[in-house]
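Chemist: This is the structure I want to talk about, given as structure tokens.
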Protein chains: 4
Amino acid sequence: MAFLAENKYGKSRVRLMKVRRLDDRHDVKEWNVQVLLEGDFERCFTVGDNSKILPTDTIKNTVYSLGRSSTATCMEQFAKELTAHFLEHNPQLTAASVEIEEKKWAHVVVNDKLQPTTFQQSGPESFTTQVTQKRGEGLQIQSGIRGLVILKTARSSFAGYIKDPLTTLKESHDRLFGTEAMAVWTYDRADLPFAALRADILRTLLCSFAKHESLSVQHTLYAMGQAVLEAAGAVKDVQLTMPNRHCLLVDLTPFGQDNPNMIFVPTDEPHGYIEAKVVRQA
Amino acid sequence: MAFLAENKYGKSRVRLMKVRRLDDRHDVKEWNVQVLLEGDFERCFTVGDNSKILPTDTIKNTVYSLGRSSTATCMEQFAKELTAHFLEHNPQLTAASVEIEEKKWAHVVVNDKLQPTTFQQSGPESFTTQVTQKRGEGLQIQSGIRGLVILKTARSSFAGYIKDPLTTLKESHDRLFGTEAMAVWTYDRADLPFAALRADILRTLLCSFAKHESLSVQHTLYAMGQAVLEAAGAVKDVQLTMPNRHCLLVDLTPFGQDNPNMIFVPTDEPHGYIEAKVVRQA
Amino acid sequence: MAFLAENKYGKSRVRLMKVRRLDDRHDVKEWNVQVLLEGDFERCFTVGDNSKILPTDTIKNTVYSLGRSSTATCMEQFAKELTAHFLEHNPQLTAASVEIEEKKWAHVVVNDKLQPTTFQQSGPESFTTQVTQKRGEGLQIQSGIRGLVILKTARSSFAGYIKDPLTTLKESHDRLFGTEAMAVWTYDRADLPFAALRADILRTLLCSFAKHESLSVQHTLYAMGQAVLEAAGAVKDVQLTMPNRHCLLVDLTPFGQDNPNMIFVPTDEPHGYIEAKVVRQA
Amino acid sequence: MAFLAENKYGKSRVRLMKVRRLDDRHDVKEWNVQVLLEGDFERCFTVGDNSKILPTDTIKNTVYSLGRSSTATCMEQFAKELTAHFLEHNPQLTAASVEIEEKKWAHVVVNDKLQPTTFQQSGPESFTTQVTQKRGEGLQIQSGIRGLVILKTARSSFAGYIKDPLTTLKESHDRLFGTEAMAVWTYDRADLPFAALRADILRTLLCSFAKHESLSVQHTLYAMGQAVLEAAGAVKDVQLTMPNRHCLLVDLTPFGQDNPNMIFVPTDEPHGYIEAKVVRQA
């Protein structure tokens, strides 16, 4: 009467802090790893036959053991090693996917002097990667940035939209434009200087957001996606999600005051939601 | 060089509290609504032409205005009215999707007496629905439950799995099995007694979770999915996500104490992650 | 030049799940424990002398070890055992304080039949206790409820308040009154049927909230506090914190619709904040 | 039978974004304001007499109206203006307290060029202030930093502590020391260059954390407090809260691997908790 359709399993929130002890300083990486596996697991679901199940506890152990032996310094490389390991040692698998989120740690700098073994976490944005390997096919490597909270106080308007009987929004030619952006881009090959590319892409996103004469969130989102494709030849496509974190102009007229685009209420809800993928023309 | 691929936009976290004032009592519904629209928006992205854009602020207004005029008492019905409204009034749209999460409010009962105008919120689980309408096609109606935190202290084992050099997990024939389950099921038609069906399905999920002789999370998940399909003929498929919220047995031997499956540490991370879809056989 | 003033230390978020295996059913308690110690620790701070420091790791171990040996079934009793243990074994301490939050788990009931080894978590409210023992003095035992989300849709008005040039609020004689209440009460002795008292007090809070003809949040808060003192003779005082979770009436007049106290926007911010302590007259 | 003891009320989470439009750039401040008032409110609680109640909605309006007219560029100054306003216009008040949390926004810099109207939020730490004014007494001004996540990978040991039958912790002479620190300091007068002082104090905290040869969290906390008092003559006392965010060394011996202080599991719970106040000697 019933059958098993798509399914996957694995381990989430495997947290790994790795300290490299160099001669003149330490480096730290903090990664939050998720591993998801697909394969021939039907009998596990239907009759409780676990003979092909690699326990999620072992998946966790694998993250730490490979964390020790790996020489990877960027998370894309480490994710590739993990997917390769799981596919190599587990013939029952048809695919393995590893997603890593990196919290940003930087050396503390005091009076222009870097403190070699002391770190401060920064954010709120974090870095992400997802490496997916289907057996017998190539790797798909996506990297991204999550929680990039940015704001333009000029060069942003929104006008010329549909007016209907439920419209109350006033057109604006000088509004605040704030968003908590998420970007995910796809690389066209698996062997790239991922850390340098990520830095380029982040710079490009910020630069195009800053300079754009925005006519809408959509308009700026597309310009940012285009800019990434122009700046990074190894990127095939970029998905951008830009919820519109509204800053509402406060009406001060009841108090006899004007409000020359000066006093706003930032609100988290409701919020506009805009997402799109910009793809390199073949 | 670049082109626009899939894209959507809309309004998230539109919160609506609706009070119905009946003769002998009040009823309240608290809904958190998200509306996402797809259509012919390319020129908005590429050149900032907003002439086909229904502002997200108007989307929000629409939720409140229809909330007033609607007589829907279940959120599936209200979501259908919203998708129909957006498609009818906006020829530029190819699809509209409405997702609603309902926070559970119940009348306060004191000494077996229902208080007709006083309510208490319960949870942590909430109810969800997602109605998607593509122009010219039928409706897809999915409903679900999110955040259902459940625990079995008997009838749960995990053994017979793969052992490899990275295995440290001990087999168990009497373990705690806790999960924060999410279920999403698809109805085979659009005109159903959704509230009664939801209550049936929730009861079925709890009952099968309670009675199952579990050999693994996967095994129980599948049994729960099967039970839903048996209990609810209008359900085509059910997707279950059951992260394994581990309760780890504490090792008390350093203190000269035994631990007869009695003292556990509940942990949120890392956690196992298991998801699968169970589909009705045609 | 500097000296050490008040200080304390301990362990937070020690999570304990305890399963009691009775003949006909299991019982579970999930407690989140915090232990804070005060005493003669000056040399630890000033010169790094740890000779009087009980490590926070040992504090954690103590919670699990006493969790095993204790026969306490309510958290007030367990907290008393913990404070007594720390003071007895650590002469350097002047005070020990234990705070416990209990997540509510109830047996699943299907078709009126209790499932003896299956549980569902409920909330959002949780139960709390704080037991403080200063050496040579009596115990202070406080218990409480946190996150009690309640709503009145009738019998709530707010009028007659100060009007000044910055007033825009309209008086209301029929408003929604929602709050996420927190209550903490102090017992007048240390040996009481805490679980039964807690149930009484919760019932009393809900009942007085339901029945009160509210002229303000303050007015209802005081009535609830009074009711607790009347219902529970062992309670010396009760502190209530009732942030006003506003439900704002939506203005539908731009759409040609009325809104007869029917459609509201629940908001989390900003919110009114009201707290007060009601004390039994000597 | 009952009487009203301490009580206060006000408005929380009043969010204000203020944009200053200078000739060559914009500046933004995002403040989350809480106002709490104390005074003669007994009849409001006991009989519902609201005649002395300034509604929390008016408190919110006051924040925005003064936000418009104020020329304050630092939040300490703005908080002082707010407390003064409430006391001056409301004779029924005995005290007013304003707490503000500032989210950090900085101009985006691309290729060493500051973008004058584009901002990025940074964190996770935020800045706080609390100004309390009791009628007829001086101001108390406290400022602080919340959520400062820092880590030392060297110069941290913990040894020489009490060993008892429940001890399992190994002494360490080279451990990771991570914390999410909170600092609150009290100024000795009300008219100070608050922004510059805050920058000095933050630099001092980071510097002393980096350079300290730590024998315990307590030891380092005290050194950081001392350093603040030495660096900032206007500070009377500093309260530091430093929960110990443990990074646990992973045991890789089951996999035949060593772990030379390299692979750690960061954990959020349980966590050590240490707080103390360091006070300037009179």
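The values are calculated or read from the model by the stated rules, or taken from the named source; none is laboratory data. These numbers were taken from a predicted model, which means no experiment stands behind them. With ideal geometry, Cβ positions are generated from the backbone for all residues, glycine too; neighbour counts draw on all protein chains shown. The accessibility values were calculated without ligands, DNA or RNA, using every heavy atom of the protein model including side chains. Shrake-Rupley method; radii C 1.70, N 1.55, O 1.52, S 1.80 Å.
Chemist: Among all lysine pairs in the stretch C:146-279 that are eight or more places apart or on different chains, how many have alpha carbons less than 26 angstrom apart? If you can, show how the numbers build up before the last one.
Modeler: Working: C:152/C:163; C:152/C:170; C:152/C:211; C:152/C:277; C:170/C:211; C:211/C:236; C:211/C:277; C:236/C:277.
Lysine pairs meeting both conditions in the stretch C:146-279 amount to 8.
Chemist: Okay, moving on. Check the axis relating chain C to chain D and name the residue of C whose C-beta is nearest, distance in whole Å.
Modeler: Smallest Cβ distance to the axis, with its residue: C:6, 10.
Chemist: Work out the charge dipole of the stretch A:69-190 with +1 on the Cβ of Lys and Arg and -1 on the Cβ of Asp and Glu about the Cα centre, then indicate which of A:156, A:138, A:115 is farthest towards its positive end.
Modeler: Farthest towards the positive end: A:156.
Chemist: So, one more: Run the helix sum for chain D: -39,500 (n - 2.57) per DSSP H stretch of 4+ residues, divided by residue count, reported at 222 nm to the nearest 500 deg cm²/dmol.
Modeler: Numbers: 5 runs with 68 residues, N = 282.
Computed ellipticity for chain D at 222 nm equals -7500 deg cm²/dmol.
Chemist: Heavy atoms of the protein only, probe of 1.4 Å, neighbouring chains included. What is the accessible area of residue D:89 in Å², nearest 10?
Modeler: We get 100 Å² for residue D:89.
Chemist: Computed on alpha carbon atoms, what radius of gyration and Dmax characterise the stretch A:146-279, expressed in Å?
Modeler: Radius of gyration, then largest Cα-Cα span, for the stretch A:146-279: 17.3, 63 Å.
Chemist: Over the whole of A:163-173, what's the average partner chain Cβ count within 10 Å per residue? Rounded to a whole number, please.
Modeler: Working: counts 3, 7, 8, 16, 8, 8, 6, 1, 2, 0, 0.
The mean count of partner-chain Cβ atoms within 10 Å per residue comes to 5.
Chemist: Right, here's the next one. Give me Rg/Rg_expected for chain D, where Rg uses Cα atoms only and Rg_expected = 2.2 N^0.38 Å with N residues.
Modeler: On the way: Rg = 23.3 Å, N = 282, 2.2 N^0.38 = 18.8 Å.
For chain D, the normalised Cα radius of gyration comes out at 1.24.
Chemist: In Å², what does the accessible area per residue of the stretch C:146-279 work out to with a 1.4 Å probe?
Modeler: Numbers: 4900 Å² over 134 residues.
For the stretch C:146-279, the solvent-accessible area averages 37 Å² per residue.
Chemist: Using the alpha-carbon atoms, what tilt in degrees (0 to 90, nearest 10) does helix A:75-89 show relative to the longest principal axis of chain A?
Modeler: That helix lies at roughly 30 degrees to the long axis.
Chemist: Can you list the copy-to-copy distances for residue C:190, using a point 7 angstrom from Cα toward Cβ, in nanometres, shortest first?
Modeler: Taking the point 7 Å beyond Cα along Cα→Cβ, the inter-copy spacings are 4.5, 6.6, 6.8 nm.
Chemist: Assume the label is 7 Å from Cα along Cα to beta carbon: what separations in nm does residue A:43 have to the matching positions in the other copies?
Modeler: 6.1, 6.7, 8.3
Chemist: Mind putting a number on the dipole of the stretch A:9-135 about its Cα centre? Charges go on the C-beta only, +1 for Lys and Arg and -1 for Asp and Glu, and I need it in Debye to the nearest 20. Kindly include the intermediate steps, with their values, before the conclusion.
Modeler: On the way: 18 positive and 17 negative charges, 52 e Å.
Using only the charged Cβ atoms, the result is roughly 240 debye.
Chemist: To one decimal in nm, how far is residue C:259 from the same spot in the other copies, if labels go 7 Å from Cα toward Cβ? Please give the shortest first.
Modeler: When each copy's label point is compared with this one, the spacings are 1.7, 5.5, 5.7 nm.
Chemist: Still on this model: Output the relative contact order of the stretch C:110-180, whole-number percent, from Cα pairs under 8 angstrom with separation of 6+ residues.
Modeler: Values: 78 pairs, mean separation 18.9, N = 71.
It rounds to 27 percent for the stretch C:110-180.
Chemist: Apply the Karplus parameterisation 6.51 cos²θ - 1.76 cosθ + 1.60, with θ equal to phi minus 60°, to every residue of the stretch D:94-104 and state each ³J(HN,Hα) to the nearest whole Hz, in sequence, with x for glycine and proline.
Modeler: Couplings: 9, 7, 9, 10, 10, 10, 10, 10, 10, 7, 7 Hz.
Chemist: Relative to the Cα centre, what is the charge dipole magnitude of the stretch B:146-279, using +1 at the beta carbon of each Lys and Arg, -1 at the beta carbon of each Asp and Glu, and rounding to the nearest 20 debye? Kindly include the intermediate steps, with their values, before the conclusion.
Modeler: On the way: 13 positive and 15 negative charges, 53 e Å.
Roughly 260 debye, rounded to the nearest 20.
Chemist: So which trypsin sites (Lys or Arg not before Pro) in the stretch B:184-282 pass both tests, a DSSP loop state and at most 15 other Cβ atoms within 10 Å of the Cβ?
Modeler: Sites meeting the loop and neighbour criteria: B:189.
Chemist: Okay, moving on. When N is the residue count of the stretch D:1-137, what does its C-alpha Rg come to as a fraction of 2.2 N^0.38 Å? Kindly include the intermediate steps, with their values, before the conclusion.
Modeler: Working: Rg = 18.4 Å, N = 137, 2.2 N^0.38 = 14.3 Å.
Normalised by 2.2 N^0.38 Å, the Cα Rg of the stretch D:1-137 equals 1.29.
Chemist: How many Cβ atoms of partner chains, on average, are near each residue of C:198-205 if near means within 10 Å of its Cβ?
Modeler: Working: counts 0, 0, 0, 0, 0, 4, 1, 0.
The mean count of partner-chain Cβ atoms within 10 Å per residue comes to 1.
Chemist: Provide, in order from the shortest bin, the percent of all Cα-Cα pairs of the protein assembly as shown in each 20 Å bin, continuing until the bin that contains the maximum pair distance.
Modeler: P(r) over the protein assembly as shown, rounded to whole percents: 10, 39, 43, 8, 0.
Chemist: Separate question: So how far apart, in nm, are the two label points at residue B:162 and residue A:172 if each is 7 Å from Cα heading toward Cβ?
Modeler: Going by the 7 Å Cα→Cβ label model, 5.3 nm.
Chemist: Could you tell me the calculated FRET efficiency between residue D:122 and residue D:258, based on Cβ-Cβ distance and R0 = 30 angstrom, to the nearest 0.05? Write out the running numbers ahead of the final one.
Modeler: Working: r = 38 Å, r/R0 = 1.27.
Once the sixth-power term is evaluated, E becomes 0.20.
Chemist: With charges only on Cβ, +1 for K and R and -1 for D and E, what is the dipole size of chain A about its Cα centre, in debye, rounded to 20?
Modeler: Numbers: 33 positive and 34 negative charges, 112 e Å.
Dipole about the Cα centre, nearest 20: 540 debye.
Chemist: Round to the nearest 10 and give me the degree value, 0 to 90, for the angle of helix A:217-231's Cα axis relative to the longest principal axis of chain A.
Modeler: Long axis of A:217-231 versus the principal axis of chain A: about 50 degrees.
Chemist: Hey, what angle do you get for helix B:194-211 against the long axis of chain B, alpha-carbon based, 0 to 90 degrees rounded to 10?
Modeler: In chain B, helix B:194-211 runs at an angle near 10 degrees to the longest axis.
Chemist: Residue by residue through the stretch C:40-47, what is 3J(HN,Hα) from phi via Karplus (6.51 cos²θ - 1.76 cosθ + 1.60, θ = phi - 60°)? Round to whole Hz and write x for glycine and proline.
Modeler: Those phi angles translate into 8, 10, 4, 5, 5, 5, 7, 10 Hz.
Chemist: Put +1 on the Cβ of each Lys and Arg and -1 on the Cβ of each Asp and Glu in the stretch B:146-279; which of B:197, B:240, B:218 then has its Cα farthest toward the positive end of the dipole?
Modeler: B:197
Chemist: How much FRET efficiency would the formula 1/(1 + (r/R0)^6) give for residue B:71 and residue C:196, where r is the Cβ-Cβ distance and R0 is 35 Å, rounded to 0.05? Mind showing how you got there, number by number?
Modeler: Numbers: r = 45 Å, r/R0 = 1.29.
Plugging the Cβ-Cβ distance into 1/(1 + (r/R0)^6) gives 0.20.
Chemist: Then there is this: Please give the average number of partner chain Cβ atoms lying within 10 Å of the Cβ of each residue in C:212-225, rounded to a whole number.
Modeler: Numbers: counts 2, 1, 1, 5, 9, 5, 13, 8, 2, 5, 10, 3, 0, 4.
For peptide C:212-225, the averaged partner shielding equals 5.
Chemist: Just in the stretch C:199-282: which GluC sites (Glu not before Pro) are loop by DSSP and have at most 14 other Cβ atoms within 10 Å?
Modeler: Working: sites: C:213, C:230, C:275; in loops: C:213.
In loop regions of the stretch C:199-282 (DSSP not H, G, I, E or B), the sparsely surrounded GluC sites (Glu not before Pro) are C:213.
Chemist: Select from the stretch C:108-189 those GluC sites (Glu not before Pro) which occupy a DSSP coil region and have at most 10 other Cβ atoms within 10 Å, ordered by residue number. Walk me through the numbers before you get to the answer.
Modeler: Values: sites: C:125, C:137, C:171, C:180; in loops: C:137, C:171.
Passing both the DSSP loop test and the Cβ count: C:137.
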